[in-house]
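As structure tokens, the structure follows; a few thoughts come after it.
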Amino acid sequence: MSLPLALRIFICIFSFSLFAQRPVSDKLNTDSGELIIQPILHGTLVLQYNNKTIYVDPYGGKKAFENLQSPDLILITDIHGDHLNLKTLESLSTNAAKLIVPQAVADKLPEIYHNNMEVLNNAETTDFFGITIQALPMYNLPETDDAKHTKGRGNGYILTTGGKNIYISGDTEDIPEMRELKNIDVAFVCMNLPYTMDINQAANAVLEFKPKIVYPYHYRGNPDMSDTEAFKKLVNTKNTNIEVRLRNWYPEYE
């Protein structure tokens, strides 16, 4: 029996409202097809390429990923709960997914994930269906034993495919390894104190390594520490060739 028209309209409106807050996905043309970039929440994003779906730091619960393909690959950068979020992982269909994680994350993952897990530490690389994944350091400055992010514990990542290089910073300050990057097509750069860096550090680093496109993300914090419009102005006042993409990384999923 068909649903009454009024009920069907309500379901459509309700379903749309679940996703209305999520930014529209962006597309990047590569030598081997289209890469779809979907901001999700805070430091979380989804990439789709060559019929494969990549989740980065899945966080926000099941609802944050509704209407998206289940992951074929999951990248996790760090042990903190907004990056390694077991509640979210357990709510998702991950049976067919491969996990790429640093050792510190591997040590905290339940055994059910171990068979599909590959440990990748700083400076190591691996491949996944034509995508090269390189792990980079992410850490706080100055380097101290009690820093919120110590060098070697977590990973930033560079994904290379279709002639494009995608940099995911993870939680870091404007470290030399970031400033020395070359030929980055898309960069996801964090900014929030006291965990990562302020907008001036982030802008200075971006101006040095000159990605073609940069997304400020992971910017929840006090307005003076996470003013994305001010970040954009700092970058484009000195270099108009860098495209700064501002997206809403804080939709209300919960």
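The values are calculated or read from the model by the stated rules, or taken from the named source; none is laboratory data. Keep in mind it's a predicted model, so treat the numbers as computed, not measured. Here the Cβ is made from the backbone with ideal geometry for all residues, glycine too, and neighbour counts use every protein chain on show.
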Enumeration of residues in the range 131-168 that are buried (at least 21 other Cβ atoms within 10 Å of the Cβ), closer than 15 Å to Ile37 by Cβ and without any contact (Cβ under 8 Å) to a residue 60 or more places away in the chain: Tyr167
Looking only at the range 135-167, and only at residues there that are polar (S, T, N, Q) and farther than 30 Å from Lys52 by Cα, the one that is modelled with the lowest pLDDT: Thr144
Test for Glu118: is it under 17 Å from Asp57 (Cβ atoms), outside any loop (DSSP other than H, G, I, E, B) and without any contact (Cβ under 8 Å) to a residue 60 or more places away in the chain: yes
Residue list for the range 182-194, restricted to those being touching a Lys or Arg at 6+ places or on another chain (Cβ under 9 Å) and surrounded by 19 or more Cβ atoms within 10 Å (Cβ to Cβ): Ile184, Val186, Ala187, Asn192
Close pairs from the range 72-97: first in contact (Cβ under 8 Å) with a residue 60 or more places away in the chain, partner assigned to a helix (DSSP H, G or I) and of a type in the set (Gly, Ala, Ser), Cβ under 7 Å, at least 6 apart: Ile79/Ala104
Strands (runs of 3 or more DSSP E) wholly inside the range 42-113 containing at least 2 residues that are over 14 Å from the mean Cα position of the chain (by Cα): 98-101
Pairs where the first residue, in the range 57-71, is under 12 Å from Glu90 (Cα atoms) and the second is of a type in the set (D, E, K, R) and surrounded by fewer than 21 Cβ atoms within 10 Å (Cβ to Cβ), C-beta under 7 Å, 6+ apart: Tyr59/Asp82; Gly61/Lys87; Gly61/Glu254
Search result, residues across the range 173-214 that are touching a Leu at 6+ places or on another chain (Cβ under 9 Å), farther than 24 Å from Gly130 by Cα and either among the charged types (D, E, K, R) or not in a helix (DSSP H, G or I) (or both): Glu173, Asp174, Ile175, Glu177, Met197, Glu208, Lys210
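Filtering the range 121-142 down to residues that are part of a strand (DSSP E or B) and among the polar types (S, T, N, Q), which residue is nearest to Gln201 (Cα to Cα)? First the steps, then the outcome.
Initial filter on the range 121-142 (part of a strand (DSSP E or B)): 125-128, 131-136.
Next, only the ones that are among the polar types (S, T, N, Q) stay: 125-126, 132, 134.
Details: Thr125: 27, Thr126: 30, Thr132: 28, Gln134: 24 Å.
Filtering first and then ranking leaves Gln134.
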Conditions (1) within 18 Å of the chain's Cα centre (by Cα); (2) without any contact (Cβ under 8 Å) to a residue 24 or more places away in the chain: number failed by Glu173: (2)
